[in-house]
Amino acid sequence: MLTQALLVDDSRSVLNFLKRHIEAEGLVEATTFLDPVEALVCAQERVFDLVLVDYEMPHMDGISFIRTFRRLPGCTDIPIAMITSRQTDDAKMAALQAGATDFLPKQPQSLEMTVRLRNLIQLGAAVRKLNDRAAHLASEVAAATQKLGEREEEIILRLALAVEYRDNDTGEHTLRVARYSRIIAEQLGLPARLCRDIYLAAPLHDVGKVAIPDNILLKPGRLTDEEMAVIRTHATIGERILADSSCELIRLGAQIAAGHHERWDGAGYPNGLEADEIPVAARVVAVADVFDALTTRRPYKEPMPLEAARSYLAENAGRQFDPACVEAFLSRWDEVVEIAAGQRASPFQRTEAPLAPVVEDTAESRPVEDHSAKAVPAA
Ligand SMILES: [Fe+2]
(Lines give C-alpha, C1' and ligand atoms only; values in the text may rest on other atoms or scores of the structure.)
Protein backbone atom coordinates (compact mmCIF):
# COMPACT_ATOMS: atom_id res chain seq x y z
CA MET A 1 0.00 0.00 0.00
CA LEU A 2 1.33 3.42 -0.96
CA THR A 3 2.19 5.86 1.78
CA GLN A 4 -0.50 8.54 1.82
CA ALA A 5 0.83 12.11 2.00
CA LEU A 6 -1.18 15.26 2.67
CA LEU A 7 0.35 18.39 1.09
CA VAL A 8 -0.92 21.83 2.09
CA ASP A 9 0.40 25.03 0.52
CA ASP A 10 -1.28 28.14 -0.82
CA SER A 11 0.97 28.13 -3.88
CA ARG A 12 -0.16 25.87 -6.72
CA SER A 13 3.34 25.74 -8.16
CA VAL A 14 4.86 24.67 -4.85
CA LEU A 15 2.19 22.03 -4.43
CA ASN A 16 2.81 20.66 -7.91
CA PHE A 17 6.53 20.56 -7.29
CA LEU A 18 6.12 18.79 -3.94
CA LYS A 19 3.70 16.27 -5.38
CA ARG A 20 6.04 15.38 -8.22
CA HIS A 21 8.99 15.17 -5.90
CA ILE A 22 7.35 13.05 -3.24
CA GLU A 23 5.74 10.66 -5.71
CA ALA A 24 8.92 10.30 -7.79
CA GLU A 25 9.97 6.92 -6.39
CA GLY A 26 6.50 5.43 -6.65
CA LEU A 27 6.12 4.83 -2.90
CA VAL A 28 3.83 7.74 -2.09
CA GLU A 29 0.45 8.97 -3.21
CA ALA A 30 -0.02 12.67 -2.45
CA THR A 31 -3.25 14.58 -1.94
CA THR A 32 -2.89 18.36 -2.30
CA PHE A 33 -4.80 21.28 -0.80
CA LEU A 34 -4.43 25.01 -1.35
CA ASP A 35 -6.77 25.66 1.61
CA PRO A 36 -5.65 24.33 5.03
CA VAL A 37 -9.23 24.27 6.31
CA GLU A 38 -10.28 21.96 3.48
CA ALA A 39 -7.23 19.82 4.23
CA LEU A 40 -8.33 19.45 7.84
CA VAL A 41 -11.82 18.42 6.78
CA CYS A 42 -10.29 15.77 4.54
CA ALA A 43 -8.00 14.58 7.35
CA GLN A 44 -11.05 13.81 9.46
CA GLU A 45 -12.32 11.43 6.82
CA ARG A 46 -9.12 9.84 5.58
CA VAL A 47 -5.98 8.42 7.11
CA PHE A 48 -2.70 10.06 6.08
CA ASP A 49 0.76 8.75 6.88
CA LEU A 50 2.66 11.99 6.33
CA VAL A 51 1.87 15.70 6.22
CA LEU A 52 3.79 18.54 4.57
CA VAL A 53 2.44 21.97 5.36
CA ASP A 54 3.47 25.50 4.46
CA TYR A 55 4.28 28.00 7.16
CA GLU A 56 2.62 31.13 5.82
CA MET A 57 -0.88 30.76 4.38
CA PRO A 58 -3.93 33.04 4.37
CA HIS A 59 -6.83 32.23 6.77
CA MET A 60 -4.78 29.72 8.76
CA ASP A 61 -1.02 29.54 9.20
CA GLY A 62 0.99 26.34 9.37
CA ILE A 63 1.33 26.46 13.16
CA SER A 64 -2.44 26.60 13.68
CA PHE A 65 -2.90 23.88 11.10
CA ILE A 66 -0.48 21.54 12.89
CA ARG A 67 -2.04 22.26 16.26
CA THR A 68 -5.52 21.46 14.95
CA PHE A 69 -4.36 18.42 13.01
CA ARG A 70 -2.71 16.91 16.09
CA ARG A 71 -6.01 17.02 17.94
CA LEU A 72 -7.77 14.90 15.32
CA PRO A 73 -8.38 11.26 16.29
CA GLY A 74 -5.43 9.05 15.35
CA CYS A 75 -3.25 11.96 14.25
CA THR A 76 -0.92 12.28 17.23
CA ASP A 77 1.91 10.19 15.78
CA ILE A 78 1.77 11.06 12.09
CA PRO A 79 4.98 12.79 10.90
CA ILE A 80 4.41 16.43 9.99
CA ALA A 81 7.03 18.52 8.26
CA MET A 82 6.71 22.25 7.97
CA ILE A 83 8.01 23.70 4.74
CA THR A 84 9.36 27.17 5.08
CA SER A 85 11.93 29.53 3.81
CA ARG A 86 11.90 31.24 7.19
CA GLN A 87 14.25 29.12 9.18
CA THR A 88 14.39 31.31 12.26
CA ASP A 89 14.64 29.67 15.63
CA ASP A 90 11.37 31.25 16.70
CA ALA A 91 9.54 29.74 13.75
CA LYS A 92 11.06 26.33 14.38
CA MET A 93 10.27 26.45 18.07
CA ALA A 94 6.67 27.45 17.41
CA ALA A 95 6.29 24.60 14.92
CA LEU A 96 7.81 22.07 17.31
CA GLN A 97 5.57 23.19 20.13
CA ALA A 98 2.55 22.84 17.87
CA GLY A 99 3.56 19.24 17.06
CA ALA A 100 5.78 19.40 13.97
CA THR A 101 8.17 16.49 13.48
CA ASP A 102 10.65 18.20 11.14
CA PHE A 103 11.20 21.18 8.85
CA LEU A 104 11.92 21.16 5.17
CA PRO A 105 13.61 24.04 3.35
CA LYS A 106 11.68 25.67 0.55
CA GLN A 107 14.50 25.03 -1.88
CA PRO A 108 13.47 22.94 -4.88
CA GLN A 109 15.67 19.96 -5.61
CA SER A 110 18.07 20.60 -2.75
CA LEU A 111 19.88 17.50 -1.53
CA GLU A 112 18.80 18.23 2.00
CA MET A 113 15.16 18.29 1.01
CA THR A 114 15.48 15.03 -0.91
CA VAL A 115 17.13 13.19 1.96
CA ARG A 116 14.89 14.49 4.69
CA LEU A 117 11.80 13.89 2.64
CA ARG A 118 12.87 10.28 2.10
CA ASN A 119 13.39 9.89 5.85
CA LEU A 120 9.94 11.32 6.53
CA ILE A 121 8.35 8.94 4.05
CA GLN A 122 10.03 5.99 5.76
CA LEU A 123 8.96 7.29 9.15
CA GLY A 124 5.37 7.68 7.94
CA ALA A 125 5.32 4.14 6.60
CA ALA A 126 6.77 2.80 9.86
CA VAL A 127 4.19 4.64 11.96
CA ARG A 128 1.43 3.25 9.76
CA LYS A 129 2.75 -0.30 10.26
CA LEU A 130 2.96 0.19 14.00
CA ASN A 131 -0.56 1.58 14.16
CA ASP A 132 -1.90 -1.26 12.03
CA ARG A 133 -0.16 -3.76 14.28
CA ALA A 134 -1.49 -2.08 17.41
CA ALA A 135 -5.02 -2.09 16.01
CA HIS A 136 -4.70 -5.77 15.10
CA LEU A 137 -3.43 -6.67 18.57
CA ALA A 138 -6.20 -4.63 20.19
CA SER A 139 -8.85 -6.50 18.22
CA GLU A 140 -7.23 -9.84 19.11
CA VAL A 141 -7.22 -8.94 22.78
CA ALA A 142 -10.85 -7.82 22.60
CA ALA A 143 -11.87 -11.07 20.92
CA ALA A 144 -9.96 -13.17 23.47
CA THR A 145 -11.45 -11.20 26.35
CA GLN A 146 -14.94 -11.70 25.00
CA LYS A 147 -14.32 -15.41 24.61
CA LEU A 148 -13.06 -15.67 28.18
CA GLY A 149 -16.18 -13.86 29.40
CA GLU A 150 -18.41 -16.24 27.49
CA ARG A 151 -16.58 -19.26 28.94
CA GLU A 152 -16.95 -17.77 32.40
CA GLU A 153 -20.69 -17.36 31.90
CA GLU A 154 -21.10 -20.84 30.51
CA ILE A 155 -19.22 -22.46 33.38
CA ILE A 156 -21.37 -20.61 35.89
CA LEU A 157 -24.49 -21.73 34.14
CA ARG A 158 -23.43 -25.35 33.89
CA LEU A 159 -22.46 -25.36 37.54
CA ALA A 160 -25.91 -24.03 38.44
CA LEU A 161 -27.51 -26.65 36.22
CA ALA A 162 -25.61 -29.46 37.89
CA VAL A 163 -27.01 -28.36 41.24
CA GLU A 164 -30.49 -27.83 39.90
CA TYR A 165 -30.69 -31.29 38.39
CA ARG A 166 -30.16 -32.84 41.76
CA ASP A 167 -33.68 -32.11 42.85
CA ASN A 168 -35.38 -30.99 39.67
CA ASP A 169 -35.88 -32.47 36.30
CA THR A 170 -37.19 -29.60 34.26
CA GLY A 171 -34.52 -26.99 34.48
CA GLU A 172 -36.18 -23.62 34.09
CA HIS A 173 -36.15 -22.25 37.60
CA THR A 174 -32.68 -20.83 37.24
CA LEU A 175 -33.56 -19.10 34.00
CA ARG A 176 -36.67 -17.50 35.44
CA VAL A 177 -34.96 -16.41 38.65
CA ALA A 178 -32.19 -14.84 36.58
CA ARG A 179 -34.73 -12.97 34.46
CA TYR A 180 -36.80 -11.81 37.40
CA SER A 181 -33.61 -10.68 39.10
CA ARG A 182 -32.58 -8.65 36.12
CA ILE A 183 -35.94 -6.91 36.03
CA ILE A 184 -35.62 -5.97 39.69
CA ALA A 185 -32.01 -4.81 39.35
CA GLU A 186 -32.82 -2.67 36.33
CA GLN A 187 -35.88 -1.16 37.96
CA LEU A 188 -33.86 -0.34 41.05
CA GLY A 189 -31.66 1.73 38.77
CA LEU A 190 -28.51 -0.27 39.50
CA PRO A 191 -25.63 0.27 37.06
CA ALA A 192 -26.05 -1.63 33.80
CA ARG A 193 -22.97 -3.74 34.48
CA LEU A 194 -24.28 -4.80 37.88
CA CYS A 195 -27.70 -5.63 36.40
CA ARG A 196 -25.99 -7.89 33.91
CA ASP A 197 -23.80 -9.48 36.57
CA ILE A 198 -26.75 -10.14 38.87
CA TYR A 199 -28.53 -11.78 35.96
CA LEU A 200 -25.50 -13.97 35.30
CA ALA A 201 -24.69 -14.80 38.93
CA ALA A 202 -28.26 -15.40 40.16
CA PRO A 203 -28.19 -19.04 38.94
CA LEU A 204 -25.55 -19.76 41.59
CA HIS A 205 -27.84 -18.99 44.53
CA ASP A 206 -28.35 -22.64 45.50
CA VAL A 207 -24.96 -24.01 44.56
CA GLY A 208 -24.43 -25.08 48.18
CA LYS A 209 -27.08 -27.75 47.75
CA VAL A 210 -24.43 -30.00 46.25
CA ALA A 211 -23.32 -30.68 49.80
CA ILE A 212 -26.78 -31.60 51.14
CA PRO A 213 -27.23 -35.37 51.46
CA ASP A 214 -29.82 -36.92 49.15
CA ASN A 215 -31.81 -38.41 51.99
CA ILE A 216 -32.51 -34.90 53.24
CA LEU A 217 -32.59 -32.93 49.99
CA LEU A 218 -34.90 -35.42 48.30
CA LYS A 219 -36.93 -36.44 51.33
CA PRO A 220 -40.58 -36.44 50.34
CA GLY A 221 -42.07 -35.79 53.76
CA ARG A 222 -41.74 -33.11 56.37
CA LEU A 223 -38.22 -32.37 57.54
CA THR A 224 -37.22 -32.59 61.16
CA ASP A 225 -35.67 -29.56 62.80
CA GLU A 226 -32.27 -31.21 62.47
CA GLU A 227 -32.79 -31.89 58.79
CA MET A 228 -33.99 -28.34 58.23
CA ALA A 229 -30.82 -27.11 59.88
CA VAL A 230 -28.81 -29.20 57.44
CA ILE A 231 -30.77 -27.79 54.49
CA ARG A 232 -30.08 -24.28 55.68
CA THR A 233 -26.35 -24.87 55.54
CA HIS A 234 -26.59 -24.63 51.76
CA ALA A 235 -26.34 -20.85 51.99
CA THR A 236 -23.04 -20.90 53.86
CA ILE A 237 -21.68 -23.80 51.85
CA GLY A 238 -22.55 -21.99 48.64
CA GLU A 239 -20.68 -18.94 49.85
CA ARG A 240 -17.65 -21.08 50.72
CA ILE A 241 -17.67 -22.69 47.29
CA LEU A 242 -17.71 -19.35 45.53
CA ALA A 243 -15.87 -16.98 47.86
CA ASP A 244 -12.48 -15.44 47.18
CA SER A 245 -12.61 -16.06 43.45
CA SER A 246 -10.54 -13.85 41.21
CA CYS A 247 -13.65 -13.69 39.02
CA GLU A 248 -15.90 -10.79 39.94
CA LEU A 249 -18.97 -12.64 38.75
CA ILE A 250 -18.29 -15.62 41.00
CA ARG A 251 -17.66 -13.34 43.97
CA LEU A 252 -21.07 -11.80 43.31
CA GLY A 253 -22.44 -15.36 43.19
CA ALA A 254 -20.94 -15.89 46.65
CA GLN A 255 -22.82 -12.86 47.97
CA ILE A 256 -26.04 -14.14 46.47
CA ALA A 257 -25.56 -17.68 47.76
CA ALA A 258 -24.80 -16.41 51.24
CA GLY A 259 -27.58 -13.85 51.43
CA HIS A 260 -30.58 -15.07 49.46
CA HIS A 261 -32.32 -16.45 52.58
CA GLU A 262 -31.63 -13.44 54.74
CA ARG A 263 -34.74 -11.41 55.51
CA TRP A 264 -35.20 -7.65 55.47
CA ASP A 265 -36.43 -7.82 59.09
CA GLY A 266 -33.37 -9.75 60.23
CA ALA A 267 -35.20 -13.06 60.83
CA GLY A 268 -33.51 -14.91 57.98
CA TYR A 269 -30.43 -17.07 57.85
CA PRO A 270 -27.54 -17.85 57.97
CA ASN A 271 -26.41 -14.62 59.62
CA GLY A 272 -29.61 -12.83 60.55
CA LEU A 273 -28.56 -9.78 58.55
CA GLU A 274 -31.17 -7.11 58.11
CA ALA A 275 -32.04 -4.38 55.62
CA ASP A 276 -29.01 -2.83 53.96
CA GLU A 277 -26.67 -5.23 55.71
CA ILE A 278 -27.82 -7.76 53.13
CA PRO A 279 -25.99 -7.26 49.81
CA VAL A 280 -28.35 -5.78 47.24
CA ALA A 281 -27.79 -8.68 44.82
CA ALA A 282 -28.99 -11.12 47.48
CA ARG A 283 -32.04 -8.96 48.27
CA VAL A 284 -32.89 -8.94 44.57
CA VAL A 285 -32.54 -12.69 44.13
CA ALA A 286 -34.51 -13.37 47.33
CA VAL A 287 -37.62 -11.82 45.77
CA ALA A 288 -37.09 -13.54 42.42
CA ASP A 289 -36.40 -16.92 44.03
CA VAL A 290 -39.43 -16.92 46.31
CA PHE A 291 -41.78 -15.66 43.62
CA ASP A 292 -40.72 -18.45 41.31
CA ALA A 293 -41.03 -21.04 44.04
CA LEU A 294 -44.55 -19.88 44.82
CA THR A 295 -45.73 -19.89 41.25
CA THR A 296 -44.16 -23.17 40.18
CA ARG A 297 -45.80 -26.58 40.27
CA ARG A 298 -43.96 -28.98 42.52
CA PRO A 299 -44.54 -32.64 43.21
CA TYR A 300 -46.03 -31.64 46.52
CA LYS A 301 -48.06 -28.59 45.52
CA GLU A 302 -49.95 -26.84 42.80
CA PRO A 303 -48.58 -23.49 41.60
CA MET A 304 -49.91 -20.46 43.41
CA PRO A 305 -51.84 -18.12 41.09
CA LEU A 306 -49.68 -15.18 40.00
CA GLU A 307 -51.98 -12.61 41.61
CA ALA A 308 -51.81 -14.48 44.92
CA ALA A 309 -48.02 -14.59 44.73
CA ARG A 310 -48.04 -10.88 43.94
CA SER A 311 -50.08 -10.27 47.07
CA TYR A 312 -47.69 -12.41 49.08
CA LEU A 313 -44.73 -10.31 47.97
CA ALA A 314 -46.61 -7.08 48.68
CA GLU A 315 -47.64 -8.26 52.14
CA ASN A 316 -44.10 -9.25 52.98
CA ALA A 317 -42.36 -6.17 51.64
CA GLY A 318 -40.46 -4.67 54.53
CA ARG A 319 -40.66 -7.93 56.47
CA GLN A 320 -39.22 -10.77 54.43
CA PHE A 321 -38.20 -8.68 51.46
CA ASP A 322 -36.54 -5.38 50.67
CA PRO A 323 -39.58 -3.20 49.89
CA ALA A 324 -37.71 -1.45 47.07
CA CYS A 325 -37.06 -4.82 45.40
CA VAL A 326 -40.71 -5.80 45.68
CA GLU A 327 -41.83 -2.46 44.29
CA ALA A 328 -39.36 -2.78 41.44
CA PHE A 329 -40.56 -6.29 40.65
CA LEU A 330 -44.25 -5.45 40.74
CA SER A 331 -43.78 -2.29 38.68
CA ARG A 332 -42.92 -4.46 35.70
CA TRP A 333 -45.69 -6.93 36.24
CA ASP A 334 -46.46 -7.46 32.56
CA GLU A 335 -42.93 -8.74 31.96
CA VAL A 336 -43.11 -10.90 35.07
CA VAL A 337 -46.31 -12.51 33.80
CA GLU A 338 -44.68 -13.12 30.44
CA ILE A 339 -41.69 -14.85 32.04
CA ALA A 340 -43.89 -16.84 34.38
CA ALA A 341 -45.98 -17.94 31.41
CA GLY A 342 -42.80 -19.72 30.46
CA GLN A 343 -41.10 -19.23 27.19
CA ARG A 344 -38.90 -22.25 27.29
CA ALA A 345 -35.39 -21.45 26.27
CA SER A 346 -32.42 -23.66 25.85
CA PRO A 347 -30.02 -23.18 28.72
CA PHE A 348 -27.28 -22.06 26.35
CA GLN A 349 -29.38 -20.23 23.85
CA ARG A 350 -28.36 -16.58 23.66
CA THR A 351 -31.32 -14.32 23.95
CA GLU A 352 -31.49 -10.65 24.87
CA ALA A 353 -28.53 -10.83 27.19
CA PRO A 354 -25.17 -12.45 26.67
CA LEU A 355 -26.07 -15.38 28.82
CA ALA A 356 -29.16 -17.48 29.17
CA PRO A 357 -29.29 -19.12 32.54
CA VAL A 358 -31.40 -22.07 33.25
CA VAL A 359 -33.25 -24.52 35.32
CA GLU A 360 -36.32 -24.64 37.36
CA ASP A 361 -37.45 -24.62 40.90
CA THR A 362 -36.27 -22.78 43.81
CA ALA A 363 -33.61 -23.18 46.08
CA GLU A 364 -34.79 -23.65 49.32
CA SER A 365 -38.25 -23.32 48.19
CA ARG A 366 -38.37 -26.96 47.64
CA PRO A 367 -36.94 -28.27 50.83
CA VAL A 368 -38.58 -25.71 53.00
CA GLU A 369 -41.93 -25.69 51.36
CA ASP A 370 -41.76 -29.26 50.62
CA HIS A 371 -41.04 -30.57 53.99
CA SER A 372 -42.75 -28.06 56.12
CA ALA A 373 -45.83 -28.33 53.93
CA LYS A 374 -46.13 -24.57 53.81
CA ALA A 375 -47.28 -22.72 50.77
CA VAL A 376 -44.51 -20.23 51.22
CA PRO A 377 -40.88 -20.78 50.47
CA ALA A 378 -37.87 -19.59 52.30
CA ALA A 379 -37.50 -19.59 55.97
FE1 LIG B 1 -31.66 -21.40 48.59
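Which condition number in (1) assigned to a strand (DSSP E or B); (2) at pLDDT below 95 is the one that T32 fails?
Of (1) assigned to a strand (DSSP E or B); (2) at pLDDT below 95, only one is false for T32: (2).
Please count how many residues of the stretch 184-197 are touching a helix residue (DSSP H, G or I) at 6+ places or on another chain (Cβ under 6 Å) and either among the acidic types (D, E) or touching a residue at least 24 places away in the same chain (Cβ under 8 Å) (or both).
Here the count works out to 6.
List pairs: first residue in the stretch 259-273 and closer than 15 Å to P323 by Cα, second residue open to solvent by less than 10 Å² (accessible area, probe 1.4 Å) and among the aromatic types (F, W, Y) anywhere in the structure, Cβ distance under 7 angstrom, at least six positions apart or on different chains.
Going by the 7 Å Cβ cut-off, the qualifying pairs are W264/F321.
Matching residues to (1) closer than 22 Å to E239 by Cβ; (2) open to solvent by less than 60 Å² (accessible area, probe 1.4 Å); (3) assigned to a helix (DSSP H, G or I):
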| position | (1), (2), (3) |
| --- | --- |
| K129 | no, no, yes |
| R133 | no, no, yes |
| E153 | yes, yes, yes |
| Y165 | yes, no, yes |
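In the stretch 6-29, what count of residues is obtained for those that are in contact with a Ser or Thr (Cβ under 7 Å, 6 or more places away or on another chain) and either open to solvent by less than 30 Å² (accessible area, probe 1.4 Å) or modelled with pLDDT of 95 or more (or both)?
Residues in the stretch 6-29 being in contact with a Ser or Thr (Cβ under 7 Å, 6 or more places away or on another chain) and either open to solvent by less than 30 Å² (accessible area, probe 1.4 Å) or modelled with pLDDT of 95 or more (or both): 4 in total.
Do any residues in the stretch 235-257 that are more than 14 Å from the ligand (Cβ to nearest atom) have Cβ atoms under 7 Å from those of residues that are polar (S, T, N, Q) and not in a helix (DSSP H, G or I), where the two are at least six apart or on different chains, and which pairs are they?
Taking only residues 6 or more apart or on different chains, the pairs are R251/S245.
The values are calculated or read from the model by the stated rules, or taken from the named source; none is laboratory data. Not measured: the values here are computed from a predicted model. Here the Cβ is made from the backbone with ideal geometry for all residues, glycine too, and neighbour counts use every protein chain on show. Side chains are part of the model used for accessible areas, which takes the heavy atoms of the whole protein and leaves out ligands, DNA and RNA. Shrake-Rupley method; radii C 1.70, N 1.55, O 1.52, S 1.80 Å.
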